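Data block below; observations after.
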Amino acid sequence: MNATVALIAAGGVLFACGTVLLLARPLTRILLGAVLLGNGVNLLVLATSGRSGKAPLLSPGTDPAAVSDPFPQAMALTAIVITLALTAFLLAMAYRSWQLTGSDDVQDDVEDIRVALRAEHEGTRAELRTVIRADRARQARAEDSEDLDDELWDNVLGADR
Amino acid sequence: MQTVGGSGHGRYPAQWVILAYAGRAGPPCRPGGGSVRRVLALIAAHFVLAACATPLVRWLGRRAFLVLALAPAATTVWAFTQWAAVADGAVRTEQWRWAPALDLSIALRLDALGLLLTVLAGGVGALVLVYCTGYFGDDEPGLANFAGTLTAFAGAMLGLVLADDLILLYVFWELTTVFSFLLIGHLSVKKANRRSALQALLVTTVGGLAMLVGLLMLGQAADTYRISVLVAHPPPSGGTAVPVALLLVLAGALSKSAIWPFSLWLPGAMAAPTPVSAYLHAAAMVKGGIYLVARFSPAFAAVAPWRGVTLTLGAATMLLGGWRALRETDLKRILAYGTVSQLGFLTALVGAGSRYTALAGATMLLTHALFKAPLFLVVGIVDHATGSRDIRRLAGLARAMPVVCGTACLAGASMAGLPPFLGFAAKEASFAALWAGGTADRLTLYATVAGSALTTAYTLRFLYGAFGPATSPDLPRATAHGGRTKAALWAPTALLALAGLVLGPGVGLLAPLMERYAAAFPSRGTAYHLALWHGTGLPLILSEIAWAAGAALFVVRNHLVRWGKRLALPSAEAAFAQILWQTERFALQLTGSIQRGSLPVYLGTALLVFSGAEAAALFTDRPWAWGGSPHLWDDAGQIAVAAAVAAAGVLCLPTRQRMKAVVLAGTTGYGTGVLFVLQGAPDLALTQFTVETTSIVVFVLVLRRLPHRFPPTATAWRRALHAALGVTTGTLAAGLTYLAVAARRHPAAGAAMVAETAHDGLKNVVATILVDLRAWDTMGESAVLAVAAVGVTSLVYLRRRAGALPRAQEDGSTAGVWASEVRAGPRAAPERTWLAAGDTLDPDRRSVVFEVVARLVFHPILVLSLYLLFCAENLPGGGFTAGLVAGLALVVRYLAGGRYELAEAAPVDAGFLLGTGLMISVGTGLGGLVLGSDVLDSAVFHTRLPLFGEVHVPSSVLFDFGVYLLVLGVVLDVLRSLGAKIDQQIEREEARRKA
């Protein structure tokens, strides 16, 4: 059995466009990518039923052999509805992201960046540690003494040179 | 409780073997023998008491230890009652098949070796718990946790030595490791304690994991996980599997028993409170590894790596540990290295694999516990009385604490192997047995004699250091303060030490049990019987040499310390820390280089891997050979629509305006729907059209708030890279689909479904599949819809609960919804309202035509949706589609009349619809369980109604009705959140800006 090339090609193009959009930063684009990808995949699933046929509705007089394969249709149907749920949810996310940051771009993961930074500065960790310890010791001293306010002001204004 | 009668030597009774095989084979053969499961109850009692430790300690304070000691004490008493029978050859077995289908059972077995270890774990455990009442104060931090963990450890140790199943053994093994970790880290505020605990945990679990692999390999090779059967019928040792398995098992055993190169954790574990050191790290847990070697030796001592590893590493550990013990100045660490040394000795003895080394090993096992535990307990008393464990500082304790000193001397004499102590008998037996063996045994003997000399030396150093004068004039002297030693402290200590003295002459009492264990080994050379005095033979001469050499070493001890320090290798501690840090650094660098935090990079990597793997598979399999001539298109309409869809998709890519991109994406959606129609899938097409329409409305509702244009896109080469990735994956997806269909040789499953549907007299095949064959999926996906709707609500309604929308009269608001910023002069409102809440809209935003249309179509659409719902069996439709159509009616009302109109159209809480819908679907599904035979089984109700005549309602319609309500709820939820709520937020912002 051979699938219809026209359907496959349309599905493939939608799949490719969806992939490109998924790789973008704005959440709206990613969502449009998911929508295109969903349409493309549904077309590909439907294409597995081969040539077009009559609707699988068995009204009297319908030849059961002439109807199109109902199985891929049943598979694709719920996917369509789920795409709607996905759309609504991602749009709500985009809206929330816009409320918080003023854009709907997907930012880099902060924790991952921190890990990468730790790996980069791993060689100098001994020096960094001494610096941090000295800093902490200074803070501890500051807390003991009366100069706490001074220290805080130094943080704000910078220390005297 | 099943008793299998005693019989000959060397082999387990035949009945037992058969029973064990039958138990393995399948149906339950012995339902517990119809008697009480006493051993299981004893083990469980430990854990129950451990769980009760917190209330007990709160109620009784430190005296709670006396209650907790009941469990190990009862175990010991029970073990003594079995002593005679087990020594006579009887074997007690119990099993509880808790997962017969997986062939998992809790199988327990008490034989001579198990009994020995049970007495050891139970007896020393009970005494140490009693000792704890004197050792701790009521105000000790974390006392309840400590008490519970120690008791649970006793239970785990008991399970470990009685387990007759490899997996069960492993479980108890790791339990002891975990409890040991918790006990070492008892005072976790100290960094040193945390470090020691972690070190012990890492070393023993790494070994334990290796052992697990080894045990699984052994179990597979022997086709049984029953230890007794495995030992009685070991798998053939040809090939590499069994030797490798044995090496792995030995890695676990040796790491548990702190044999070199795994020794480092045991001295570190001395951070634990002294009772823990006495119990876990001298008497019980570290014997776990020895126990395992002793358990497997009868079967595997003859297999290649076993004797080599145990003898070499055992002897080396004995020498290294003893040598190191001469350098330490902390009493506990002297004993710790002494323990390492003795564990090496024991490993060599039980691994040697002849009858008399096994006899000596088993005796030495008991002896070691009887002298090392009291010595640790003595250290605890000294530490309590003086506040120091440093031998350079302790002074005058012999006079201050004569009883304690005497106890320590008794235990020390047994450790040095002086007659008439049990230590002497055990050492004589060891020397004799090793002398009777081959070259390897003889070499081990020489090492052992040297090790004994070291033992004598560090025993003297320990006793002299603790009870002699202070040796360092520079350090402050530590002397005893406080009153008499508490009875709870010295009584258990003295009892253990005295046992070592009494059992020396009374070694004959032990002999039957020890010989019963040793009988599993082949006999070599002349028979040897356990006795205190064998006359002046070679063993006695060797002992005398060891004593003399030990005394000499003690005399020159100060020089030895200098040499020892000079010869010392870099400490294992530093090496361990280095390994840990290197591992962490490697992990950091690997993670840092792979995980850059960018979503596009992750996705691109995943796509690249997917494409690469698929392409590689394609080029190896070359499936295109199967394809016949391609079928390009069905008709001209199809090719035109397909081209339009593809073009709209491509145009979507460079678009900078959000709304334009949404419209183009929507075009592909509608085009896809048309393709569905042409292909002969009206259900899909109907759903697609309704979904697409709803999506566009939702998009518009949100996009009105977002910037009109996308931010500037990435660099050109990145765009090219994305395009290349897209083209590759798209081509692959399409190509794979085509090839998969071309490769299909069997007729499609759909034909059978069509026939089945026709057989049932139904008409719409797809709808039938959805509520019948895919009913589970449909239900699951309805739940996903509900979850997504809840997610939308919670993202928009951040703080408040979202109930039903407020009505206009509740809010008292008029004519302000969607007010435009610039009002172009006053305009008259339409005179007649077509909608219930039409006059709440800003007059500029009202459209009479739209209001009229909304008024006219609302009810027909609702009726249409119900028609689609109830006629789903015969026409395109179904719960999803019908729900969406009903939702569109709400959309129309909202768009025409604003949020108060929506509240008038649907005066219910969206959450109520969601919940009711989900409940109806699930309820119908469960009803199938009651009415039919399975969940979601469908049934048909027949009834006669006055007007309609004969009516039959299949339960699937009710199921679909649930889906309908749910989808309607989803649409209402989305309108409420992304429509009405955002409206309100916009209005508030406007009001704030004006104010």
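The values are calculated or read from the model by the stated rules, or taken from the named source; none is laboratory data. Just so we're clear, the structure is a prediction, and the values are computed from it rather than from any experiment. Using ideal geometry, Cβ is built from the backbone for each residue, glycine included, and neighbour counts are taken over all protein chains shown.
Taking region A:91-119 as the search range and keeping residues that are more than 7 Å from chain B (Cβ to nearest Cβ) and in a helix (DSSP H, G or I), which one is farthest from the chain's Cα centre (by Cα)?
This residue is A:LEU117.
Quick grid of which residues meet (1) over 28 Å from A:ALA55 (Cβ atoms); (2) over 49 Å from the mean Cα position of the chain (by Cα); (3) away from chain A (no Cβ under 14 Å):
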site	(1), (2), (3)
B:TYR867	no, yes, yes
B:GLY878	no, no, no
B:LEU884	no, no, no
B:ALA896	yes, yes, yes
B:GLU904	yes, yes, yes
B:ALA910	yes, no, no
B:GLY915	yes, no, yes
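What is the residue count in region B:608-643 for residues that are at the interface with another protein chain (Cβ under 9 Å from one of its Cβ atoms) and farther than 17 Å from B:THR737 by Cβ?
Residues meeting the conditions: 5.
For region B:702-723, check the following and say yes or no: at least one residue is assigned to a helix (DSSP H, G or I), at the interface with chain A (Cβ under 7 Å from one of its Cβ atoms) and either surrounded by fewer than 17 Cβ atoms within 10 Å (Cβ to Cβ) or in contact with a strand residue (DSSP E or B) (Cβ under 9 Å, 6 or more places away or on another chain) (or both).
Yes, that holds for at least one residue.
Take the residues in region B:641-678 that are more than 24 Å from A:LEU22 (Cβ to Cβ) and in contact (Cβ under 8 Å) with a residue 24 or more places away in the chain, then tell me which one is surrounded by the most Cβ atoms within 10 Å (Cβ to Cβ).
That would be B:VAL641.
When you go through A:LEU36, A:LEU57, A:LEU31 one by one, which is the residue that is at the interface with chain B (Cβ under 7 Å from one of its Cβ atoms), in contact with a helix residue (DSSP H, G or I) (Cβ under 6 Å, 6 or more places away or on another chain) and not polar (S, T, N, Q)?
A:LEU36 is the lone residue from the list that is at the interface with chain B (Cβ under 7 Å from one of its Cβ atoms), in contact with a helix residue (DSSP H, G or I) (Cβ under 6 Å, 6 or more places away or on another chain) and not polar (S, T, N, Q).
Quick check on my filter: what residues within region A:65-82 are more than 7 Å from chain B (Cβ to nearest Cβ) and in contact (Cβ under 8 Å) with a residue 12 or more places away in the chain?
A:ALA66, A:PRO72, A:MET75, A:ALA79 - these are the residues of region A:65-82 that are more than 7 Å from chain B (Cβ to nearest Cβ) and in contact (Cβ under 8 Å) with a residue 12 or more places away in the chain.
I'm trying to understand the selection: among the residues of region B:782-794, which are at the interface with chain A (Cβ under 10 Å from one of its Cβ atoms) and surrounded by fewer than 20 Cβ atoms within 10 Å (Cβ to Cβ)?
If the condition is that a residue be at the interface with chain A (Cβ under 10 Å from one of its Cβ atoms) and surrounded by fewer than 20 Cβ atoms within 10 Å (Cβ to Cβ), then B:VAL784, B:VAL787, B:VAL790, B:GLY791, B:SER794 are the ones that fit.
Pull up region B:591-617, narrow it to residues that are closer than 27 Å to A:THR4 by Cβ and in contact (Cβ under 8 Å) with a residue 60 or more places away in the chain, then point me to the one that is farthest from the chain's Cα centre (by Cα).
Among them, the one singled out is B:ALA615.
Of everything in region B:751-781, what is within 9 Å of chain A (Cβ to nearest Cβ), assigned to a helix (DSSP H, G or I) and buried (at least 22 other Cβ atoms within 10 Å of the Cβ)? Give them in sequence order.
Across region B:751-781, the qualifying residues are B:VAL754, B:THR757, B:VAL765, B:VAL766, B:ALA767, B:THR768, B:ILE769, B:LEU770, B:THR778.
Can you tell which of B:SER430, B:SER414 is assigned by TED's automatic domain parsing to the domain that holds B:TRP547, more than 22 Å from B:LEU553 (Cα to Cα) and in contact with a Leu (Cβ under 8 Å, 6 or more places away or on another chain)?
Answer to the selection: B:SER430.
Pick out the one residue from B:LEU311, B:LEU346, B:LEU375 that is assigned by TED's automatic domain parsing to the domain that holds B:LEU509 and under 25 Å from B:GLU174 (Cα atoms).
Result of the check over B:LEU311, B:LEU346, B:LEU375: B:LEU346.
Against the condition part of a helix (DSSP H, G or I), touching a Cys at 6+ places or on another chain (Cβ under 8 Å) and under 21 Å from B:ALA488 (Cα atoms), how does B:ALA373 come out, does it pass?
Judged against the criteria, B:ALA373 is not a match.
Would you check if there is a residue in region B:340-363 being surrounded by fewer than 24 Cβ atoms within 10 Å (Cβ to Cβ), touching a residue at least 60 places away in the same chain (Cβ under 8 Å), out of contact with any Ser or Thr (no Cβ under 9 Å at 6 or more places or on another chain) and on the phi < 0 side of the Ramachandran plot?
no
For B:VAL727, indicate whether it is in a helix (DSSP H, G or I), aliphatic (A, V, I, L, M) and at pLDDT 90 or above.
Taking the combined requirement at face value, the residue satisfies it.
What residue, of B:VAL971, B:VAL967, B:VAL922, is at pLDDT 85 or above, more than 14 Å from chain A (Cβ to nearest Cβ) and surrounded by 15 or more Cβ atoms within 10 Å (Cβ to Cβ)?
Going through B:VAL971, B:VAL967, B:VAL922 in turn, the sole match is B:VAL922.
The rows are residues; the columns are (1) aliphatic (A, V, I, L, M); (2) touching a Cys at 6+ places or on another chain (Cβ under 9 Å); (3) farther than 21 Å from A:LEU37 by Cβ.
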| position | (1), (2), (3) |
| --- | --- |
| B:SER629 | no, no, yes |
| B:THR667 | no, yes, no |
| B:VAL674 | yes, no, no |
| B:SER695 | no, no, no |
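Quick one: is B:ALA440 in a helix (DSSP H, G or I), more than 19 Å from B:ILE381 (Cα to Cα) and not polar (S, T, N, Q)?
When the stated conditions are applied, B:ALA440 passes them.
Could you tell me whether any residue of region B:580-590 is more than 13 Å from every other protein chain (Cβ to nearest Cβ), within 22 Å of B:SER255 (Cβ to Cβ) and over 29 Å from the mean Cα position of the chain (by Cα)?
No: region B:580-590 contains no residue that is more than 13 Å from every other protein chain (Cβ to nearest Cβ), within 22 Å of B:SER255 (Cβ to Cβ) and over 29 Å from the mean Cα position of the chain (by Cα).
Need the failing condition index for B:GLY877 against (1) crowded, with 24+ Cβ neighbours inside 10 Å; (2) touching a Lys or Arg at 6+ places or on another chain (Cβ under 9 Å); (3) not in a helix (DSSP H, G or I), just the number.
(2)
Run down B:GLY508, B:GLY483 and say which single residue is surrounded by fewer than 16 Cβ atoms within 10 Å (Cβ to Cβ), closer than 15 Å to B:ALA426 by Cα and modelled with pLDDT under 90.
Only one candidate qualifies: B:GLY508.
Quick check: anything in region B:493-504 of a type in the set (Ser, Thr, Tyr) and either at pLDDT below 85 or under 21 Å from B:ALA84 (Cα atoms) (or both)?
no
What's the total number of residues in region B:816-843 that are surrounded by 14 or more Cβ atoms within 10 Å (Cβ to Cβ) and either among the hydroxyl-bearing types (Ser, Thr, Tyr) or at pLDDT 70 or above (or both)?
Of the residues in that region, 13 qualify.
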